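Read through the structure below, which is laid out as structure tokens, and then see the notes.
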């Protein structure tokens with residue numbers, strides 16, 4: 001089952017600057033089979049369900065390994081059986097309506 | 001790795017009443033190894049990472065099987081390495097501060 | 001416009017224990033016109049749109065005032081025009097399906 | 001108080017294609033004082049707290065007015081008192097770490 005995800009990881013207990021942890025997590029997400037897009041409030045990910053959640057789990061393990069004792073994560077996810085849809089398709093479908 | 005999750009499933013394309021789908025999903029989540037608590041905006045789940053996400057995946061499969069062509073899901077999740085914490089502990093730690 | 005919200009506040013840069021801040025926020029949310037229910041991963045709130053968001057803003061101000069330099073918050077919110085629905089109705093509609 | 005938001009609106013009860021509603025909402029968000037960026041799973045918004053939530057409320061009103069009887073929305077929001085940060089800053093701080 002293919003899934004499209006928006007993923008935001010918030011390390012807790014490591015001070016106020018989180019970019020080092022988010023960057024390490026981006027590196028973990030950069031795997032064959034996953035398409036990722038960093039944006040200002042998270043990372044969009046497209047891939048097979050099990051691959052996506054294995055990568056998110058690996059992010060948690062990586063960030064705990066860097067010293068974060070606690071992590072809060074948000075995931076928005078979408079699955080659909082009516083048709084295939086990519087990250088790019090989702091943006092394009094809105095933009096097409098705006099121009100229409 | 002233990003995880004505490006808040007999970008909200010929104011079936012799309014099946015009309016305005018969603019409780020039938022949420023109830024079917026509750027049934028799927030009712031598995032050995034998982035503790036669940038239904039609340040007004042979702043379900044809190046406590047368990048091992050792989051068990052929790054296998055159950056959430058099974059919910060998506062169940063709800064698609066019931067005819068929902070599209071599903072939007074929200075997950076808030078927490079992991080920590082400093083100490084064990086249950087769903088009950090999380091509520092109690094806030095309540096203790098309120099009484100304190 | 002009435003709204004039903006699930007609200008989770010995560011103070012950043014104040015260490016790993018957050019219950020003190022969540023408890024202070026609960027106190028802020030305890031206002032005439034709002035119904036609230038604390039659960040393991042957040043607080044459910046029912047009220048008029050402007051009242052709810054004024055209270056959430058007051059939580060941010062309170063928690064910054066307690067010394068948190070950064071706050072990450074999650075809100076799930078629902079509005080509907082087809083009928084009135086309370087926090088209690090939402091749980092009951094699922095439970096009724098489970099028994100059915 | 002300045003806020004950075006990730007906003008995802010899911011109309012319920014209008015079928016499976018939602019782009020028409022999201023596009024209408026984008027138009028509503030396009031106001032003086034707000035910076036917005038559409039991405040595959042939502043829209044990032046930067047602005048003053050009251051302006052941002054007035055715009056999100058106006059989206060709900062617009063989309064209900066288009067015929068959606070029910071709306072589910074997700075908001076991730078960040079405030080900070082330690083320094084100013086824009087949408088662009090947030091991406092750049094991660095990218096700088098990746099190159100570093």
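Overview of values
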read-out	value
Förster-model FRET efficiency, 35 Å R0, residue C:81 and residue B:27, C-beta, rounded to 0.05	0.70
Mean shadow area of segment D:1-58, taken as a quarter of the surface of its Cα convex hull (nm²)	3.9
Number of partner chain Cβ atoms within 10 Å, mean per residue of A:33-40	5
Part-to-part distance (alpha-carbon centres) for segment C:1-50 and segment B:53-71, which is given in Å	30
Per-residue mean of C-beta atoms belonging to partner chains within 10 Å, peptide D:17-27	5
Residues B:94, D:5 arranged by fewest to most Cβ contacts within 10 Å	B:94, D:5
Cβ-derived FRET efficiency at R0 22 Å, residue D:37 paired with residue A:48, nearest 0.05	0.20
Cα long-axis angle, helix C:49-65 against chain C (0 to 90 degrees, to the nearest 10)	20
Cβ-vector label at 7 Å, residue C:81, separations to other copies in nm	3.1, 4.0, 5.1
Counting all C-alpha pairs of the protein assembly as shown, share separated by more than 38 Å (%)	11
In Å, descending, principal axis extents of the Cα set of segment A:44-100	50, 23, 13
Label point 7 Å beyond Cα along the C-beta direction, distances from residue B:1 to other copies (nm, shortest first)	2.1, 3.1, 3.8
Axis-nearest residue of D (beta carbon) for the D-onto-A rotation, whole Å	D:39, 2
Per-residue [θ]222 nm for chain D (sum of -39500 (n - 2.57) over DSSP H runs n ≥ 4, rounded to 500)	-13000 deg cm²/dmol
Inter-copy label distances at residue C:34 (7 Å, Cα→Cβ; nm, one decimal)	2.2, 3.1, 3.6
C-alpha long axis of helix B:19-29 to longest principal axis of chain B, angle in °	60
Inter-chain shielding of C:81-91 (mean C-beta neighbours from other protein chains, 10 Å cut-off)	4
Chain B - Debye-derived log10 I(q)/I(0), Cα point model, q = 0.11, 0.12, 0.15 Å⁻¹	-0.36, -0.43, -0.63
Ascending count of other beta-carbon atoms within 10 Å, so fewest first, for A:80, C:57	C:57, A:80
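Coordinate-derived values only; no laboratory data. Here the structure is a predicted model, which is why all the values come from computation and not from measurement. Don't worry about glycine lacking a Cβ; one is built from the backbone with ideal geometry, like all the others, and counts go over all protein chains shown.
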